[in-house]
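The block underneath contains the structure these notes are about, expressed in structure tokens.
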Amino acid sequence: MRNILARGVAAGAVALLALTACSTRSDDTSAGASGSAAPAKGFAADSLIGVALPAKTSQNWVLAGDLFTNGLKEAGFKSDVQYAGSSTTVADQQAQISAMVTKGAKVIVVGATDAAQLSTQVEAAKAAGATVIAYDRLIKNTQGVDYYVAYDNFKVGELQGQALLDGMKAKKDKGPYNIELFSGSSDDNNSAVFFDGAMSVLKPQIDSGDVKVGSGQTAIKQTATDGWKAENAQRRMDSLITSTYTSKTLDGVLSPNDTLARAIITSVKGAGKPIPVVTGQDSEPESVKSIVAGEQYSTINKDTRNLVKQTIQMVKDLQAGKTPEVNDTKSYDNGVKVVPSFLLPPLIVTKANVVEAYANDPDLAPLTK
Ligand code: BGC
């Protein structure tokens, strides 16, 4: 796990950068102009803020919990930071949110474990006068979510798709290239957004025949990784190698995050095959080391410090009775409403820019030297 205290030092400067950087697709630059957000009322400066996070399926969640605990305390709030357990995730998170409502939390920040299973709880939160902020993952099919704070997930997918093409081209000048596609857990709203972003780049190449999905498994359902679990990705890669790549070369694998990327690489190595170009996300230390060593091809830098900082800024604005700033009021339709969002820009990291990408990160910078 990364050292939280050390990471705090550069956070201010980095956050400022992120805030001034524009988000990509459907920006609404009229920040704070959203009319659909909850009316701001303000509340006591030492109020309770609830933070309900999913299971620790990747290190960004571990980091987020510590940053919320410290950051909310620093801002003068009381906090209740909870994680869902790894097997009873949905029921855990539902109970945790309900308990936060009972305790009178003024804002409840939710990293949803299952995007579609929280409407009852967040609607109860709203009815009790709390504001609900979806953190990193959108909550679907409910009016009960007021704001969304995340890195631009579609852009993450686009960057992954482009990195996959660039990495394969650098190794072999001409196609056709054989690839396989992996996506995240289907209960996480982000999984489809990452996948759609990547496919927006890959599909034209697949259609032209320059890129071939060897197994033919291109539907998101076929590519999903239940619970974002490494063992599920490794098992699927094992079977893809057996079914499709005993004689054919595998040139690239679209992996939605670092945990799964390393599982895919483990599978390929176990089968005695050369490592293909494998994408990732999250800048997990083991993957940063793997990129430096020339194994994993890419990751995405979505600095958790900035995301938590942005969320706490929203909490502070709500406390002061101000309408929190948003920069996107078009992209995130949760099925019943477009949720006003603050989107941060993700960065692609490969061996070519790994040193500069983490120069301001006291935990990752030493791994790049
Ligand atoms: C996050 C990713 C993370 C994944 C698994 C997603 O919702 O956006 O950063 O890799 O969850 O934990």
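For residue 324, which of the numbered conditions (1) open to solvent by less than 40 Å² (accessible area, probe 1.4 Å); (2) assigned to a loop (DSSP other than H, G, I, E, B); (3) more than 16 Å from the ligand (Cβ to nearest atom); (4) touching a Gly at 6+ places or on another chain (Cβ under 6 Å) fails to hold?
(4)
Quick check, is residue 187 within 16 Å of the ligand (Cβ to nearest atom) and assigned to a loop (DSSP other than H, G, I, E, B)?
Details: within 16 Å of the ligand (Cβ to nearest atom): yes; assigned to a loop (DSSP other than H, G, I, E, B): yes.
So residue 187 fits the description; yes.
I'm told residue 196 meets every condition in (1) within 16 Å of the ligand (Cβ to nearest atom); (2) outside any helix (DSSP H, G or I); (3) of a type in the set (Asp, Glu) except one. Can you identify the failing condition by its number?
(2)
Within segment 156-169, is even one residue small (Gly, Ala, Ser) and assigned to a loop (DSSP other than H, G, I, E, B)? Walk me through how you get there before you give the answer.
To start, the set of residues in segment 156-169 that are small (Gly, Ala, Ser) comprises 157, 161, 163, 167.
If we keep only those that are assigned to a loop (DSSP other than H, G, I, E, B) as well, we get none.
For segment 156-169, residues small (Gly, Ala, Ser) and assigned to a loop (DSSP other than H, G, I, E, B): absent.
Within segment 358-369, how many residues are part of a helix (DSSP H, G or I) and free of Cβ contacts under 8 Å to residues at least 60 places away in the same chain?
Counting residues in segment 358-369 that are part of a helix (DSSP H, G or I) and free of Cβ contacts under 8 Å to residues at least 60 places away in the same chain gives 2.
Please determine whether any residue of segment 60-82 is modelled with pLDDT of 95 or more, part of a helix (DSSP H, G or I), out of contact with any helix residue (DSSP H, G or I) (no Cβ under 9 Å at 6 or more places or on another chain) and open to solvent by less than 30 Å² (accessible area, probe 1.4 Å).
Yes, segment 60-82 has at least one match.
Please identify the pairs in which a residue from segment 149-169 that is under 16 Å from residue 327 (Cβ atoms) has its Cβ atom under 8 Å from the Cβ atom of a residue that is open to solvent by less than 30 Å² (accessible area, probe 1.4 Å) and more than 16 Å from the ligand (Cβ to nearest atom), counting only partners at least 6 apart or on another chain.
Cβ pairs passing all conditions: 149/314.
Which condition does residue 108 not pass, out of (1) crowded, with 24+ Cβ neighbours inside 10 Å; (2) part of a helix (DSSP H, G or I); (3) of a type outside the set (D, E, K, R), if it passes all the others?
With respect to (1) crowded, with 24+ Cβ neighbours inside 10 Å; (2) part of a helix (DSSP H, G or I); (3) of a type outside the set (D, E, K, R), residue 108 is out only on (2).
Does residue 180 satisfy the condition of being touching a residue at least 60 places away in the same chain (Cβ under 8 Å) and over 30 Å from residue 148 (Cα atoms)? Lay out the reasoning, then the answer.
Details: touching a residue at least 60 places away in the same chain (Cβ under 8 Å): yes; over 30 Å from residue 148 (Cα atoms): yes.
Yes; evaluated as a whole, the condition is true for this residue.
Of 285, 340, 256, which residue is in contact with a helix residue (DSSP H, G or I) (Cβ under 8 Å, 6 or more places away or on another chain) and either buried (at least 24 other Cβ atoms within 10 Å of the Cβ) or over 19 Å from residue 355 (Cα atoms) (or both)?
None of the others qualify; the one that does is 256.
Scan segment 145-164 and give yes if some residue there is modelled with pLDDT of 95 or more, away from the ligand (no atom under 16 Å from the Cβ), in the same structural domain as residue 75 (by TED's automatic domain parsing) and open to solvent by less than 40 Å² (accessible area, probe 1.4 Å), otherwise no.
yes
Is segment 128-137 home to any residue that is of a type in the set (Phe, Trp, Tyr), under 30 Å from residue 231 (Cα atoms) and in the same structural domain as residue 261 (by TED's automatic domain parsing)? Steps first, answer last, please.
Narrowing segment 128-137 to residues of a type in the set (Phe, Trp, Tyr): 135.
Among the residues that remain, those that are also under 30 Å from residue 231 (Cα atoms) are: 135.
Still in the running and in the same structural domain as residue 261 (by TED's automatic domain parsing): none.
No.
Taking residue 92 and the conditions (1) modelled with pLDDT of 95 or more; (2) in a helix (DSSP H, G or I); (3) of a type in the set (Asp, Glu), which numbered condition does it fall short on, given that it satisfies the others?
(1)
Among the residues of segment 259-282, count how many are under 17 Å from residue 346 (Cβ atoms), of a type outside the set (A, V, I, L, M, F, W, C) and either away from the ligand (no atom under 14 Å from the Cβ) or open to solvent by less than 10 Å² (accessible area, probe 1.4 Å) (or both).
3
Which one is farthest from residue 172 (Cα to Cα) among residues in segment 237-264 that are of a type in the set (Gly, Ala, Ser) and part of a loop (DSSP other than H, G, I, E, B)?
Result: 255.
Kindly indicate whether any position in segment 67-77 is of a type in the set (S, T, N, Q), within 19 Å of residue 189 (Cα to Cα) and out of contact with any strand residue (DSSP E or B) (no Cβ under 8 Å at 6 or more places or on another chain). Reasoning before the result, please.
Of the residues in segment 67-77, the ones of a type in the set (S, T, N, Q) are 69-70.
Of the ones still in play, those that are also within 19 Å of residue 189 (Cα to Cα) are none.
Scanning segment 67-77, I find no residue that is of a type in the set (S, T, N, Q), within 19 Å of residue 189 (Cα to Cα) and out of contact with any strand residue (DSSP E or B) (no Cβ under 8 Å at 6 or more places or on another chain), so the answer is no.
The values are calculated or read from the model by the stated rules, or taken from the named source; none is laboratory data. Small disclaimer: the values here were computed from a predicted structure and weren't measured. Cβ atoms come from the backbone with ideal geometry, glycine included; neighbour counts cover every protein chain shown. What goes into the accessible areas is simple: the full protein's heavy atoms, side chains included, and nothing from ligands, DNA or RNA. Shrake-Rupley method; radii C 1.70, N 1.55, O 1.52, S 1.80 Å.
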